[in-house]
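Coordinate-derived values only; no laboratory data. Computed from a prediction, not measured in an experiment: that's the story for all the values here.
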Amino acid sequence: MFGFSEQQISTFGLTFGLGAFMLYMLFIIGQLAWESKAGKFGTFVLFLGLGFGMVGFIAKYFIQWYFER
């Protein structure tokens with residue numbers, strides 16, 4: 001499609017598309033903390049609990065980068 005291979009399209013989607021989705025998820029978590037008036041500790045707990053899954057994806061990216069060097 002448009003001169004790109006399937007691998008190039010999926011790599012672009014996984015890096016930039018999922019990265020943009022993760023930023024949007026951080027915005028949603030921040031919005032939840034703001035609307036619930038969670039305070040500093042509550043906001044920290046929300047970001048830790050709800051955002052911890054993103055850490056695994058980011059770690060996977062860096063681990064792959066390290067082994068491909």
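Summary table below
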quantity: Helix-only CD estimate at 222 nm, as mean residue ellipticity for the chain, using -39500 (n - 2.57) per DSSP H run (n ≥ 4); calculated: -27000 deg cm²/dmol
quantity: Nearest 10 degrees, 0 to 90: helix 18-35 Cα axis against the chain principal axis; calculated: 10
quantity: Stretchable slack from Ser36 to Gln64, in nm (0.36 nm times residue separation minus alpha-carbon distance); calculated: 6.3 nm
quantity: Computed Rg/Rh of the chain, alpha carbon atoms with Kirkwood Rh; calculated: 1.15
quantity: With Cα atoms, 0 to 90° folded angle of helix 39-68 axis to the chain main axis; calculated: 20
